Number of protein chains: 2
Amino acid sequence: MAENYGGSGRSGILSVVGTGPGAADYLSPAALQELMRADVIIGYRTYLDLIADIIKDKEIVASSMMQEVDRVNKAFDLAEQGKHVALVSGGDPGIYAMAGLVYEVSQRRSDSTEIRVFAGIAALNSCAERLGAPLMHDFATVSLSDLLTPWEIIEKRIRAAVEADFVLVLYNPRSKKRDWQLGKVLEIVAEGRGRETVVGMVHAATREDEKVIVTTVEQFDPQEVDMQTLVIIGNSTTYIHNQKMITPRGYRDKYQLA
Amino acid sequence: MAENYGGSGRSGILSVVGTGPGAADYLSPAALQELMRADVIIGYRTYLDLIADIIKDKEIVASSMMQEVDRVNKAFDLAEQGKHVALVSGGDPGIYAMAGLVYEVSQRRSDSTEIRVFAGIAALNSCAERLGAPLMHDFATVSLSDLLTPWEIIEKRIRAAVEADFVLVLYNPRSKKRDWQLGKVLEIVAEGRGRETVVGMVHAATREDEKVIVTTVEQFDPQEVDMQTLVIIGNSTTYIHNQKMITPRGYRDKYQLA
């Protein structure tokens, strides 16, 4: 890690810590230990609530979902004062989450604070666990949020993934304001792969209000989906058995199962 | 979970437990507790060695990498005797690993043993953590192993992913017997995305012999890569800063960083 040249005597540290899907027993010991070592915990209130017992003796800076850049700058401000700051990220900070923004802001500020990243069990891992075994073969992960990416690029990727028979993992599948994109994706899948294609969704994996659905494109109701939901669409070989979504390991019938 | 109708009085359980990248502090408490509850631990010797301290009082069935189907059938045999069996999988059993084979064998055997899956921190999570923040935007995950999938399908997917500007995550990138496929992928990337495209690799993440390289397609040497290595190839916007591989969060310059 880089040396520090901060103004204060003591060097600060900015750790980006993944807390996993929600349940405390999905938090890695490495992440837990880093939270214990930190002076300040900063994060979106929902994620902080999930680890409330662990961080109850710490200085807490809670912020709302809409202030990500401010939150990261605040974390650097505190680290530059010599503090060990833990910036909390739900799931894995390395997948569509805070790790990248921290490196980008560090570069923009020409900041020399030591940055540490602690991977977590991401939404795609925990939702795959809940659904069965959908990710046994190649998959494409696409965020349907068009806030920072034009819809044309998103749709192009969906079409490419469907055409090349990737399993599709959809992050940010639907929000109150973005209510048509998921329907459009399902249409593209129905055209390219058929209406019998298997679809699974998990809302709030490992949490009290967890909800799991395994069905087909034809039967799937996008209304069930919100921002706390991950959607996984099977490839051409994915099937349902005992309510589980299973993607075989290969296309060749090379392996004997018994 | 399904009820059990095994021959023995006591119902068996088959748990597929992800042990993460290797270091003990990346093993989730949920997975650890399940290992403690199990009567028998079964798995590939390398993964068992990594958790030797945890499982030292258990009945152990170690097997070699080449006997996956036998191993799963052995696990079901033991569960049918009423035992609680933990089948250990490195990384996350839900990503190209043992979860799918367990469901497939269960179906083939018409077995009613209760199956539990415990997600882990997968190679893609731990390697992204080591490399910086390469997975901040859409990514396609492709296994280069052509044991069960024809090379034509693999190459088609690589071309589709490059064309649609996905970050590319390569599982099973190279082995002694499969030594040309990674070079071919790098050629396709160079043609479609340019020789300056960023490439990262992590060998044996979190373990003693960990090795991290962040470079470009032009400079990258496939000889550095073996079966313990994950390779991540950036999209058209991925850059290197302070030896870290960073993919920006979006294509639109909509966000102010300070």
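The values are calculated or read from the model by the stated rules, or taken from the named source; none is laboratory data. Please read all numbers here as calculations on a predicted model, not as lab measurements. Here the Cβ is made from the backbone with ideal geometry for all residues, glycine too, and neighbour counts use every protein chain on show. SASA here: full protein model, heavy atoms, side chains in, ligands and nucleic acids out. Shrake-Rupley method; radii C 1.70, N 1.55, O 1.52, S 1.80 Å.
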- Note on the structure: For the range B:214-230, Karplus-derived ³J(HN,Hα) couplings (6.51, -1.76, 1.60; θ = phi - 60°; whole Hz; x for glycine and proline) come out as 10, 7, 10, 3, 4, 8, 6, 10, x, 4, 6, 9, 9, 6, 8, 10, 10
- Note on the structure: Sparse-neighbourhood loop hits (chymotrypsin sites (Phe, Trp or Tyr not before Pro), the range B:166-218; DSSP loop; Cβ within 10 Å at most 13 others) -> B:W180
- Task: Find every distance from the label point of B:Y251 to the corresponding label point in the other copies (7 Å from Cα along Cα→Cβ) and write them in nm, one decimal, shortest first.
- Result: 2.7
- Query: Helix A:151-163: angle to the longest alpha-carbon principal axis of chain A, degrees 0 to 90, nearest 10?
  - Reply: 50 degrees
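Taking the Cβ of B:L182 as the centre, find all other residues whose Cβ is under 14 Å away and add up their charges (Lys, Arg: +1; Asp, Glu: -1).
Charge balance in the 14 Å sphere: -2.
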- Query: For peptide B:140-153, how many partner chain Cβ atoms fall within 10 Å of a residue's Cβ, on average?
  - Reply: 5
- Output field shielding_mean for B:99-111 (other chain Cβ, 10 Å radius) holds 5
- Lys/Arg +1, Asp/Glu -1 at C-beta; chain A dipole; positive extreme among A:T215, A:P248, A:Q181: A:P248
- Averaged per residue, what accessible surface does chain B expose to a 1.4 Å probe, in Å²? 40 Å²
- Note on the structure: Connecting every pair of Cα atoms under 10 Å apart in chain A and solving the GNM, the largest mean-square fluctuation among A:A119, A:A30, A:A99 falls on A:A30
- Query: Put a point 7 Å out from Cα along the line to Cβ at B:D39; what are the distances to that point in the other copies, in nm, shortest first?
  - Reply: 5.4
- Expected 222 nm ellipticity per residue - DSSP helices of 4 or more, -39500 (n - 2.57), all of the protein assembly as shown, to 500: -8500 deg cm²/dmol
- Total formal charge among the other residues, if their Cβ is under 12 angstrom from that of B:V231, Lys/Arg +1 and Asp/Glu -1: -2
- Message: Whole-Hz ³J(HN,Hα) for each residue in the range B:112-125, computed from phi via Karplus 6.51 cos²θ - 1.76 cosθ + 1.60 with θ = phi - 60°, x for glycine and proline: what do you get?
- Response: 10, 4, 5, 10, 10, 10, 10, 4, x, 6, 7, 4, 5, 5
- Message: What does the copy distance list look like for A:K56, label position 7 Å along Cα→Cβ, in nm and ordered from shortest?
- Response: 3.4
- What longest range of chain B stays clear of loop-exposed GluC sites (Glu not before Pro) (DSSP non-H/G/I/E/B, at most 10 other C-beta within 10 angstrom)? B:4-207
